[in-house]
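*Asks:* Below is the structure I would like to discuss, written out as structure tokens.
The values are calculated or read from the model by the stated rules, or taken from the named source; none is laboratory data. Values in this document were obtained by computation on a predicted structure and should not be read as measured data. Cβ sites come from the backbone with ideal geometry, for glycine too, and all protein chains shown count toward neighbours. In case anyone asks, the SASA skips ligands and DNA or RNA and just uses the protein heavy atoms, side chains included. Shrake-Rupley method; radii C 1.70, N 1.55, O 1.52, S 1.80 Å.
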Amino acid sequence: MFKLKLLTDPRWANIAEGNLEEILTDHAWCEQKATTNAITIITMVPEYPEIITELLKIAQEELEHFQMVHEIIKKRGYTFGRERKDDYVGQLFKFIVQGKREDYIVDRMLFAAMIEARSCERFKVLTENIKDEELKVFYKGLMISEAGHYTTFIGFARQLGGVEKVNERWEEWLEYEAEIIKSYGKKESIHG
């Protein structure tokens with residue numbers, strides 16, 4: 001569905017499961033950042049009320065996901081740690097085109113779509129490979145939600161930038177992401 005060029009090694013799930021407190025804290029902060037990203041994009045598209053309506057729904061869902069992860073952390077007696085820097089997202093951010101407002105907005109949508117696609121793929125790996133039954137069910141539900149967010153972001157990019165142009169740019173994003181993801185999948189973080 002996403003055409004990711006490099007899939008996560010299933011052994012990453014073992015790393016994640018080896019320190020659930022850390023992976024859950026990192027995941028919670030990822031959801032908070034996803035909320036913020038949706039709200040930031042809203043500020044860029046005031047002339048598109050239908051896009052704003054959908055992005056508000058995504059922001060609310062992401063905030064609900066943050067709350068859900070936070071509740072799991074509390075229920076398990078884990079410590080909710082400080083926000084983590086997400087180097088993967090930082091590297092993706094560098095690929096956003098600067099210049100014309102329209103091109104920047106489209107690339108912000110593709111940036112968001114890429115993060116959702118990789119998160120969905122990582123949640124699938126967790127669902128299929130961890131032993132923790134509660135988290136298997138939890139991540140399966142989130143996987144479905146993230147897939148919907150990916151579809152929304154890439155759909156809006158195509159609406160604003162044109163299908164052919166955006167499809168070509170998405171291929172560039174896929175190639176770029178495939179190169180940077182080679183450095184990740186070795187620690188207990190959602191993108192790490």
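*Asks:* Would you call Met143 modelled with pLDDT of 95 or more, hydrophobic (A, V, I, L, M, F, W, C) and assigned to a helix (DSSP H, G or I)?
*Replies:* no
*Asks:* Counting only residues that are of a type in the set (A, V, I, L, M) and open to solvent by 10 Å² or more (accessible area, probe 1.4 Å), how many does the stretch 106-127 have?
*Replies:* Qualifying residue count, the stretch 106-127: 3.
*Asks:* Is it true that some residue in the stretch 59-75 is within 22 Å of Phe153 (Cα to Cα), in a helix (DSSP H, G or I), open to solvent by 80 Å² or more (accessible area, probe 1.4 Å) and not charged (D, E, K, R)?
*Replies:* Yes, the stretch 59-75 contains a residue that is within 22 Å of Phe153 (Cα to Cα), in a helix (DSSP H, G or I), open to solvent by 80 Å² or more (accessible area, probe 1.4 Å) and not charged (D, E, K, R).
*Asks:* Looking at Thr25, Thr53 in this structure, which one is open to solvent by 60 Å² or more (accessible area, probe 1.4 Å), modelled with pLDDT of 95 or more and not hydrophobic (A, V, I, L, M, F, W, C)?
*Replies:* The match here is Thr53.
*Asks:* If I filter the stretch 77-97 for residues that are open to solvent by 30 Å² or more (accessible area, probe 1.4 Å), β-branched (Val, Ile, Thr) and in a helix (DSSP H, G or I), do I get at least one hit?
*Replies:* Yes, that holds for at least one residue.
*Asks:* Answer yes if at least one residue in the stretch 28-43 is more than 25 Å from Asp107 (Cβ to Cβ), part of a helix (DSSP H, G or I) and either touching a residue at least 40 places away in the same chain (Cβ under 8 Å) or out of contact with any helix residue (DSSP H, G or I) (no Cβ under 6 Å at 6 or more places or on another chain) (or both), and no otherwise. Outline the logic, then answer.
*Replies:* Just the residues of the stretch 28-43 that are more than 25 Å from Asp107 (Cβ to Cβ), to begin with: 28.
Among the residues that remain, those that are also part of a helix (DSSP H, G or I) are: 28.
The next check asks that each one be either touching a residue at least 40 places away in the same chain (Cβ under 8 Å) or out of contact with any helix residue (DSSP H, G or I) (no Cβ under 6 Å at 6 or more places or on another chain) (or both); those that pass are 28.
The answer is yes, given that some residue of the stretch 28-43 is more than 25 Å from Asp107 (Cβ to Cβ), part of a helix (DSSP H, G or I) and either touching a residue at least 40 places away in the same chain (Cβ under 8 Å) or out of contact with any helix residue (DSSP H, G or I) (no Cβ under 6 Å at 6 or more places or on another chain) (or both).
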